[in-house]
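Here the structure comes first, spelled out in structure tokens, and everything after it is commentary.
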Amino acid sequence: MNFTNTIKREQSAKLFEEAKGYFPGGVNSPVRAFKSVSGPPLFIKEGKGCRFIDEDNNHYIDFCCSWGPLILGHNHEHIRNRVIDTVSKGTSFGTPTKMGNQLGKIILDNNRFIEKMRFVSSGTEAVMSAIRLARGVTGKPKLIKFDGCYHGHVDSLMVKAGSGLATFGISTSAGIPESFAQETIVLPLADLEAVENCLKQYSDQVAAIILEPVPANNGLLLQDKSYLEGLRQLCTQYNVLLIFDEVISGFRVNLEGAAGYYGIQPDIITYGKIIGGGMPVGAFAASAEIMSHIAPEGAVYQAGTLSANPVAMSAGLATMEILVRNSFYTQLEKKTKDFVQNIQQHCDDKNYAVSIVTIGSIFWVAFTKERIMRSDQIDPKSMEHFKVLHHELLQRGVYLGPSGYEVGFVSDAHSVEDLEQAAEKICDAMDIVFR
Ligand SMILES: *Cc1c(COP(=O)(O)O)cnc(C)c1O
């Protein structure tokens with residue numbers, strides 16, 4: 001298919017050519033390269049509310065929201081003011097600060113599922129630390145993860161299922177020793193029996209089961225509550241820790257994340273994205289007992305030069321102060337539901353094979369009518385549809401993350417009018433996808 005551009009992307013194209021001389025593939029994180037959609041990536045120079053502006057001065061309603069962190073939209077006044085105030089006093093001291101206490105308090109006071117936490121600087125770091133903690137607490141080496149869940153670029157989790165009868169995983173990236181990958185067992189989602197069979201055989205070696213309770217990195221593979229409850233039960237029965245990777249779902253579906261949404265107590269929870277209000281922050285959290293294994297209290301080492309630096313803490317704190325307001329989440333969820341329903345109705349009326357999956361303020365466009373719960377149920381051919389949709393939306397001033405496997409996010413800054421406008425454009429673009 002040939003793509004015609006009605007918008008200019010000259011400056012972005014030029015900057016991308018230059019960037020290729022500096023960064024592998026011209027980017028500092030691979031999915032930004034627009035490999036699976038058309039044209040060069042947009043170079044964004046400014047954001048405000050639900051919109052941002054590229055270097056060619058095109059305006060877009062943004063549903064990527066920096067891949068999740070910006071639940072209050074771009075350049076929120078309260079966050080900006082707090083950050084500027086903090087920066088004016090210095091950016092990092094390598095000491096404890098009051099700001100760290102304040103963010104820790106507001107998070108822990110509003111979450112029944114965790115008692116203590118530690119701040120790090122990214123989601124990957126949070127996961128890496130959580131699995132070390134799980135191994136340290138249990139004294140066992142192996143992990144169970146699920147096909148279709150992403151946990152950052154952690155060595156032992158960049159792993160997929162081995163072929164045939166192989167139980168242990170094979171790495172999905174060069175540079176990961178086979179011996180690391182073999183510490184991870186990869187199972188399909190939505191299959192409790194597979195987990196039970198595996199634990200029957202290997203529970204004496206398995207430290208933890210890790211999953212995204214709201215799997216949102218390979219489409220939106222919503223699981224049944226009973227499945228998640230089953231995992232909890234099996235973990236307890238077989239003396240294995242349950243890690244919820246809530247780097248996306250934490251502070252997104254509500255203040256207690258998926259643990260609160262489903263009412264399930266995991267043993268360790270990881271956070272990232274929203275927790276830093278647009279600055280680099282991650283965290284892992286658990287009961288006081290489990291967290292007492294972390295240095296300097298315990299024997300599991302974990303540290304960070306810029307961990308809990310005041311600037312990052314202030315952005316997180318300013319964000320939380322707004323998220324704790326009454327009805328923040330119900331309003332955001334309602335707006336998202338109406339938006340999704342609008343588009344779904346159009347697709348149903350026209351008989352397009354589209355289902356828009358949604359939870360909280362997350363949504364994902366699936367080009368099928370089937371319910372999808374595992375990544376292997378996503379037809380790779382449907383990504384051709386996404387490519388057209390993505391292109392047509394750029395022409396109309398709507399920005400989705402540049403991959404059909406990525407979810408979209410609605411922020412508090414998306415007004416009902418913005419969402420109606422966006423829905424109309426998405427419906428128009430759908431008409432072209434199915435022309
Ligand atoms: C984004 C993400 C990560 C990695 O976080 P980074 O900050 O990109 O390192 C880990 N787990 C999940 C579920 C994520 O969505």
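The values are calculated or read from the model by the stated rules, or taken from the named source; none is laboratory data. Just so you know, these numbers come straight off a predicted model, no measurement behind them. Every residue, glycine as well, gets a Cβ built from its backbone with ideal geometry; the counts of neighbours run over all protein chains shown. The accessibility values were calculated without ligands, DNA or RNA, using every heavy atom of the protein model including side chains. Shrake-Rupley method; radii C 1.70, N 1.55, O 1.52, S 1.80 Å.
Brief remarks follow.
Conditions tested, residue by residue: (1) without any contact (Cβ under 8 Å) to a residue 40 or more places away in the chain; (2) farther than 27 Å from Thr95 by Cβ; (3) within 16 Å of the ligand (Cβ to nearest atom); (4) surrounded by fewer than 24 Cβ atoms within 10 Å (Cβ to Cβ).
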site	(1), (2), (3), (4)
Tyr261	no, yes, yes, yes
Pro266	no, yes, yes, no
Gly278	no, no, yes, no
Val281	no, no, yes, no
Glu321	no, no, no, yes
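- Selected residue [part of a loop (DSSP other than H, G, I, E, B) and either in contact with a strand residue (DSSP E or B) (Cβ under 7 Å, 6 or more places away or on another chain) or under 24 Å from Leu103 (Cα atoms) (or both)] from Ala353, Ala312, Ala318, Ala413: Ala413
- The C-beta contact set for the stretch 142-157 (first residue within 20 Å of Tyr238 (Cβ to Cβ) and without any contact (Cβ under 8 Å) to a residue 40 or more places away in the chain, second residue more than 9 Å from the ligand (Cβ to nearest atom) and open to solvent by 10 Å² or more (accessible area, probe 1.4 Å), distance under 7 angstrom, 6+ apart or interchain) comprises Ser156/Phe180; Ser156/Glu183.
- Scan of the stretch 228-259 for residues that are among the β-branched types (Val, Ile, Thr) and open to solvent by 40 Å² or more (accessible area, probe 1.4 Å), ordered by number: Thr236
- Flag if Ile359 is closer than 30 Å to Arg135 by Cα and either in contact (Cβ under 8 Å) with a residue 12 or more places away in the chain or not assigned by TED's automatic domain parsing to the domain that holds Ala190 (or both): no
- Selected residue (only one of Ile362, Ile426 is in contact with a strand residue (DSSP E or B) (Cβ under 8 Å, 6 or more places away or on another chain) and more than 29 Å from Asn57 (Cβ to Cβ)): Ile362
- Among residues of the stretch 236-259, those that are within 16 Å of the ligand (Cβ to nearest atom) and outside any helix (DSSP H, G or I), counted: 12
- Picking from residues in the stretch 199-227 that are in a helix (DSSP H, G or I) and open to solvent by less than 20 Å² (accessible area, probe 1.4 Å), the one that is nearest to the ligand (Cβ to nearest atom) is Tyr227.
- Criterion violated by Trp67 - all others in (1) surrounded by 13 or more Cβ atoms within 10 Å (Cβ to Cβ); (2) farther than 17 Å from Val281 by Cβ; (3) in contact (Cβ under 8 Å) with a residue 12 or more places away in the chain satisfied: (2)
- Residue ID - nearest to the chain's Cα centre (by Cα), chosen from residues in the stretch 362-377 that are buried (at least 21 other Cβ atoms within 10 Å of the Cβ) and of a type in the set (A, V, I, L, M): Ile362
- Residue within the stretch 7-20 that is of a type in the set (Lys, Arg) and in a loop (DSSP other than H, G, I, E, B) present: yes
- Close pairs (7 angstrom Cβ cut-off, 6 or more residues apart or separate chains): within 10 Å of Asp54 (Cβ to Cβ) in the stretch 1-23, in a helix (DSSP H, G or I) and open to solvent by less than 60 Å² (accessible area, probe 1.4 Å) anywhere: Ile7/Leu394; Ile7/Gln395
- Residue within the stretch 388-397 that is in a loop (DSSP other than H, G, I, E, B) and either in contact (Cβ under 8 Å) with a residue 60 or more places away in the chain or open to solvent by 10 Å² or more (accessible area, probe 1.4 Å) (or both) present: yes
- Check on Thr358, of a type in the set (S, T, N, Q) and in a strand (DSSP E or B): yes
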